[in-house]
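Down below is the structure, laid out as structure tokens.
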Amino acid sequence: MAEVGRIVAGALAPHPPHLVYADNPPQNEPTAECGWETLRWGYERMRKALDAVDYDVIVVLSPHWQTYVGTHFLGVPHFKSLSVDPVFPNLFRFHYDLDVDVPLAEAIHGEAQAAGLVSKMMRNPDFRVDYGTIVSCHLTRPAWDKPIVGISSCRSTAFYSVEVMQEQAKALGEATRRAIEASGRRALLLASNSLSHRHFTTESAVPEDMSQEHIMNHSQYLWDMRFIDLLRQGHAQQVIDEMPEFVSQAISEADAGALTWMLQAMGVPDYPGELFGYGTVIGTGNAVMSWIPEEQGA
Ligand SMILES: [Fe+2]
């Protein structure tokens, strides 16, 4: 009998391309002097924490793979190409080379369809993987030695409302958990998003000039602190319940459903998330956090 699969960890793994730029990995063409250290050191600490967890696959939901008819899943075993951030081509031109766990993607797709969600496997071998998926996976696991499952954002907040997004993200989270359990895999889930997301519209002459970096406004900061505080106290359900106000008032990138999906897939943790770092990137609020159920006896 096959081993029962598990979600062994979940993470809030924001994807500003600035963090990859400032890290200077060999895959990225532009180089930086420094920048956004509190977040990059936070990711470094999260990587160490996740090293203690033995996982087979990374499952990531990205706001920047935007699909307009339902949820799509990467369905090709291998992708290799150049990813250029459309807004920051000066910071992110990344040569990626990644494997996809297609059987698990198909299993989640099947569970999603069975739950009534519109979903589709993406089978185009020339598809360019979005930078949100790449940045979150790279910062979490720069070795690129684990296959991924890439899940799109179906933009139901924009087309309908946050409430519709929430219902779909919750159903997708449940489908994800069922498929992982049946697969025998040990999975790490990544919610690839910033918290508050109002951002600057101009860039300083030196992008990594940290004298220019700060939160966009105080109300955003208050929202970020509220959500981090709730998550650190184990109040994930309250975070989900307050999501409509958070998205509308802090223009949160959680509007893509990634955070709700991840928390729901993990059974809505009632134990604290571990905060590794908080920082702003072009005025947006970003937290790097993980939830590891085995450490909590959950
Ligand atoms: Fe983004």
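The values are calculated or read from the model by the stated rules, or taken from the named source; none is laboratory data. Source: prediction; values computed, not measured. Note: ideal-geometry Cβ built from the backbone for every residue, glycine included; neighbour counts use all protein chains shown. Accessible surface is based on the protein model in full, side chains and every heavy atom, while ligands, DNA and RNA are left aside. Shrake-Rupley method; radii C 1.70, N 1.55, O 1.52, S 1.80 Å.
Please find, within region 119-153, the residue that is surrounded by the most Cβ atoms within 10 Å (Cβ to Cβ) out of those that are of a type in the set (A, V, I, L, M) and within 14 Å of the ligand (Cβ to nearest atom). Even if it seems obvious, please write down each step before you answer.
Taking region 119-153 and keeping what is of a type in the set (A, V, I, L, M), we get 121-122, 129, 134-135, 139, 143, 148-149, 151.
With the extra rule that they be within 14 Å of the ligand (Cβ to nearest atom), the set shrinks to 134-135, 139.
Values: I134: 29, V135: 26, L139: 27.
The residue in question is I134.
Residues of region 249-288 that are touching a residue at least 60 places away in the same chain (Cβ under 8 Å) and of a type in the set (S, T, N, Q): T260, Q264, T280, T284, N286. Starting from residues that are assigned to a loop (DSSP other than H, G, I, E, B) and among the polar types (S, T, N, Q), keep the ones in region 193-211 and report whichever is farthest from V60 (Cα to Cα). My answer is S204. Just so you know, in region 156-208 the residues that are touching a residue at least 60 places away in the same chain (Cβ under 8 Å) and among the acidic types (D, E) include one that is least open to solvent (accessible area, probe 1.4 Å), and it is E208.
Among the conditions (1) out of contact with any helix residue (DSSP H, G or I) (no Cβ under 6 Å at 6 or more places or on another chain); (2) under 29 Å from A175 (Cα atoms), the only one that F200 does not satisfy is (2). Would a scan of region 106-115 turn up a residue that is of a type outside the set (V, I, T), more than 19 Å from the chain's Cα centre (by Cα) and within 16 Å of the ligand (Cβ to nearest atom)? No, every residue in region 106-115 fails to be of a type outside the set (V, I, T), more than 19 Å from the chain's Cα centre (by Cα) and within 16 Å of the ligand (Cβ to nearest atom).
Looking at P86, P77, P63, can you tell me which residue is within 16 Å of the ligand (Cβ to nearest atom), at pLDDT 95 or above and either touching a helix residue (DSSP H, G or I) at 6+ places or on another chain (Cβ under 9 Å) or over 18 Å from A287 (Cβ atoms) (or both)? Going through P86, P77, P63 in turn, just one is within 16 Å of the ligand (Cβ to nearest atom), at pLDDT 95 or above and either touching a helix residue (DSSP H, G or I) at 6+ places or on another chain (Cβ under 9 Å) or over 18 Å from A287 (Cβ atoms) (or both): P63. From the set of residues in region 1-14 that are at pLDDT 95 or above and assigned to a loop (DSSP other than H, G, I, E, B), which is farthest from the ligand (Cβ to nearest atom)? It comes out as G5. Checking L259, L190 one by one, the residue that is within 15 Å of the ligand (Cβ to nearest atom), closer than 24 Å to V53 by Cβ and part of a strand (DSSP E or B) is L190 and no other. Is region 224-231 home to any residue that is surrounded by 22 or more Cβ atoms within 10 Å (Cβ to Cβ), in a helix (DSSP H, G or I), within 16 Å of the ligand (Cβ to nearest atom) and modelled with pLDDT of 95 or more? Yes, some residue in region 224-231 is surrounded by 22 or more Cβ atoms within 10 Å (Cβ to Cβ), in a helix (DSSP H, G or I), within 16 Å of the ligand (Cβ to nearest atom) and modelled with pLDDT of 95 or more. Among the conditions (1) under 20 Å from H18 (Cα atoms); (2) within 18 Å of the chain's Cα centre (by Cα); (3) more than 16 Å from the ligand (Cβ to nearest atom), the only one that L39 does not satisfy is (3). Contact map, region 101-113: first residue open to solvent by 20 Å² or more (accessible area, probe 1.4 Å), second residue aromatic (F, W, Y), Cβ cut-off under 7 Å, separation 6 or more or different chains; pairs are H109/F73. Taking the numbered list (1) in a helix (DSSP H, G or I); (2) open to solvent by 40 Å² or more (accessible area, probe 1.4 Å); (3) closer than 29 Å to F73 by Cβ in turn, M243 passes all entries but (2).
Exactly one condition in (1) over 19 Å from D255 (Cβ atoms); (2) in contact with a helix residue (DSSP H, G or I) (Cβ under 9 Å, 6 or more places away or on another chain) is false for F127; which is it? Failed condition: (2). Note on region 276-291: residues that are among the β-branched types (V, I, T) and open to solvent by 10 Å² or more (accessible area, probe 1.4 Å) total 2.
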